[in-house]
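The values are calculated or read from the model by the stated rules, or taken from the named source; none is laboratory data. Quick caveat, the model's predicted, so the values are computed rather than measured. Virtual Cβ from ideal backbone geometry, glycine too; neighbours counted across all protein chains shown.
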Amino acid sequence: MSSTTTATIASEAAEERRRVHHQADVLIVGAGIAGCALAVALGRQGRSVLLLEKSLKEPDRIIGEFLQPGGVQALEQLGLSDCLEGIDAIPAKGYDVIYHGEHVQIPYPKEDGPSSPAAEGRSFHHGRFVMKLREAAMASPNVTVVETTATSLITAPRTKEVIGVECTSKGADTPDCYFAPLTVVADGYASKFRKDHHPHTPKVKSRFWGLELIDAELPMKYHGHVVLSDNPPVLLYQIGTHETRALVDIPENLPSASVKNGGVKAHLRNVVLPSLPECVQPSFLAAIEKGNLRSMPNSFLPPATNKTPGLIILGDALNMRHPLTGGGMTVAFNDVVMLRDLLSPEKIPTFADTDRVMKQMSTFHWRRKSFASVINILAQALYSLFAADDDNLRILQRGCFRYFQLGMIDGPIGLLAGLIKQPSVLFWHFFSVAFLSIWLLFAETPFYRWPLAIFRSFAVFWTACVVIFPYIFAEMRR
Ligand SMILES: Cc1cc2nc3c(=O)[nH]c(=O)nc-3n(C[C@H](O)[C@H](O)[C@H](O)COP(=O)(O)OP(=O)(O)OC[C@H]3O[C@@H](n4cnc5c(N)ncnc54)[C@H](O)[C@@H]3O)c2cc1C
Ligand SMILES: *[C@@H]1O[C@H](CO)[C@@H](O)[C@H](O)[C@H]1NC(C)=O
């Protein structure tokens with residue numbers, strides 16, 4: 001028999017083992033952003049993969065619609081660029097930051113050096129993109145996708161190793177069990193399995209309320225828009241030929257969105273609408289009037305090393321940051337690229353070697369910092385500045401905008417885009433913004449009031465530290 005025939009027979013036998021006996025090399029719970037990409041990557045390495053998803057219907061959500069250039073690159077590395085085709089995706093060339101009506105354009109930097117083309121992101125309908133990723137998983141001969149809801153992990157009584165997943169499928173009256181030496185939990189922000197295996201719990205301080213604008217006129221085509229005013233930030237970006245997403249951040253207990261004041265709808269109409277660029281207002285108002293307001297919690301969850309043998313936690317189940325900078329999918333795809341390498345058959349011949357998997361996962365925890373900690377810290381710190389709710393933060397917010405106006409943009413946008421993978425660069429720019437803010441404070445203060453300004457500048461500097469250091473420390477934990 002030729003070697004190709006042998007391989008085909010082996011792969012058919014593995015397929016039958018998955019379908020009939022529910023056994024594989026790896027189980028992945030959740031066919032979302034992280035789960036699908038990992039399933040394809042591991043399948044291509046010759047692993048037998050069972051991908052378990054509670055609903056294979058096209059998701060209709062307001063999340064994961066803007067993919068940074070660093071995420072587009074990771075998708076390319078995974079050989080999944082096709083998933084961005086045929087979904088009416090819109091190219092993203094950078095940002096337009098609007099501060100009390102003043103604009104600054106922040107283009108994405110060149111990908112590799114001055115003569116290369118500028119990096120591009122993509123924005124799209126989340127559901128269409130997920131369906132493409134799922135199609136890629138289904139087309140993979142070593143991956144079997146099953147529609148079923150994971151209800152609990154099955155652990156070996158003595159070793160406490162995770163050896164499988166118990167599921168309930170629609171129409172079945174008995175639970176189904178699936179077995180593999182390795183289980184990856186990628187079940188998203190509300191993960192069912194996190195609380196028993198992750199030391200931290202998500203913290204939510206605000207929600208994004210999503211509106212879909214039809215044929216909106218944005219100030220800059222092919223740019224994400226960030227609107228800064230006296231209110232928390234608003235994001236606007238086109239996600240299809242006719243559709244534009246607006247995400248409005250509303251912190252918990254915001255007075256103008258309280259029930260007494262007419263709730264979220266009144267806040268959108270009375271407070272947010274007038275703060276937007278005039279050209280967007282008609283379509284924004286139409287979207288408010290149409291109703292169909294939806295919201296999602298904006299969570300922060302620091303990553304942690306997993307201590308349960310046989311288990312890996314990935315995606316939003318592992319690590320979340322404020323979606324202001326649209327970094328979640330970029331982190332997820334870069335994580336998959338890194339995992340593919342750390343878990344390759346050359347390094348780990350069989351996933352039954354749980355010790356070796358755990359060791360590689362500890363390496364993963366520290367090595368992913370290069371990109372993940374940049375995106376995590378930047379998202380949280382920038383959110384604090386952009387949602388400024390005290391005077392010191394407002395001084396930093398203004399400093400940040402002036403910093404961009406001075407042309408200091410390549411570093412910050414490179415970090416945000418997921419292209420610069422060096423936490424020290426973020427640190428440097430953050431404190432440059434803090435010092436510029438303080439300098440501006442002195443520049444506008446008449447000489448005789450400088451004693452007061454000195455006092456204020458210490459308060460501003462202290463605020464900058466309070467903004468960033470908790471998130472830096474969160475990244476230093478195991
Ligand atoms: C408001 C908001 C806006 C965002 N905008 C962006 C953005 O513009 N750009 C960006 O990069 N990121 C954005 N993010 C973050 C991004 O959406 C997430 O980081 C990303 O979707 C995480 O992927 P995931 O695979 O971990 O989870 P998901 O994509 O949520 O996938 C989880 C999957 O698991 C399935 N599942 C859940 N429980 C079970 C179960 N028990 N059994 C079987 N299946 C199950 C779900 O049905 C789902 O398909 C945003 C987040 C929020 C909250
Ligand atoms: C599927 O797995 C086999 C090993 O079982 C491997 O030889 C083959 O390359 C894989 N096929 C694809 C398309 O990933």
Here the residues within region 279-327 that are in a strand (DSSP E or B) and among the aromatic types (F, W, Y) are F300
| said: Can you find a residue that is farther than 18 Å from G30 by Cβ, buried (at least 18 other Cβ atoms within 10 Å of the Cβ), more than 16 Å from ligand 1 (Cβ to nearest atom) and among the β-branched types (V, I, T) anywhere in region 65-85? | reply: no
Condition set assigned to a helix (DSSP H, G or I) and among the small types (G, A, S), scope region 13-25, selection surrounded by the fewest Cβ atoms within 10 Å (Cβ to Cβ): answer is A13
task = Kindly indicate whether D112 is surrounded by fewer than 14 Cβ atoms within 10 Å (Cβ to Cβ) and outside the structural domain of S344 (by the TED database).
result = yes
By residue number, the members of region 340-352 that are in contact (Cβ under 8 Å) with a residue 12 or more places away in the chain and part of a loop (DSSP other than H, G, I, E, B) are L343, S344, P345, K347, I348, T350, F351, A352
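Each row is one residue, and each column tells you yes or no for (1) outside any strand (DSSP E or B); (2) assigned by the TED database to the domain that holds P345; (3) more than 14 Å from ligand 2 (Cβ to nearest atom); (4) touching a Phe, Trp or Tyr at 6+ places or on another chain (Cβ under 9 Å).
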{"residue": "S11", "(1), (2), (3), (4)": "yes, yes, no, no"}
{"residue": "L27", "(1), (2), (3), (4)": "no, yes, yes, yes"}
{"residue": "A31", "(1), (2), (3), (4)": "yes, yes, yes, no"}
{"residue": "A41", "(1), (2), (3), (4)": "yes, yes, no, no"}
{"residue": "E76", "(1), (2), (3), (4)": "yes, yes, yes, no"}
Log entry, pairs with first residue in region 259-288 being of a type in the set (F, W, Y), second being assigned to a helix (DSSP H, G or I), beta carbons closer than 7 Å, six or more apart or on different chains, reads F284/L273
* Asked: Is it the case that some residue within region 189-198 is more than 16 Å from ligand 2 (Cβ to nearest atom), surrounded by 21 or more Cβ atoms within 10 Å (Cβ to Cβ) and among the aliphatic types (A, V, I, L, M)?
  -> no
Within the bounds of region 223-231, is there any residue that is buried (at least 20 other Cβ atoms within 10 Å of the Cβ), away from ligand 2 (no atom under 16 Å from the Cβ), in the same structural domain as T305 (by the TED database) and among the hydrophobic types (A, V, I, L, M, F, W, C)?
no
Residue hits (region 42-64; at positive phi and within 13 Å of ligand 1 (Cβ to nearest atom)) are G64
Residues in region 426-478 that are within 25 Å of the chain's Cα centre (by Cα) and either at pLDDT 95 or above or within 19 Å of Y403 (Cα to Cα) (or both) total 19
When every residue in region 207-222 that is under 20 Å from M320 (Cα atoms) and surrounded by 22 or more Cβ atoms within 10 Å (Cβ to Cβ) is compared, the one farthest from ligand 1 (Cβ to nearest atom) is W209
So the strands (runs of 3 or more DSSP E) completely within region 119-179 holding 1 or more residues that are basic (K, R) and away from ligand 2 (no atom under 16 Å from the Cβ) are 121-123
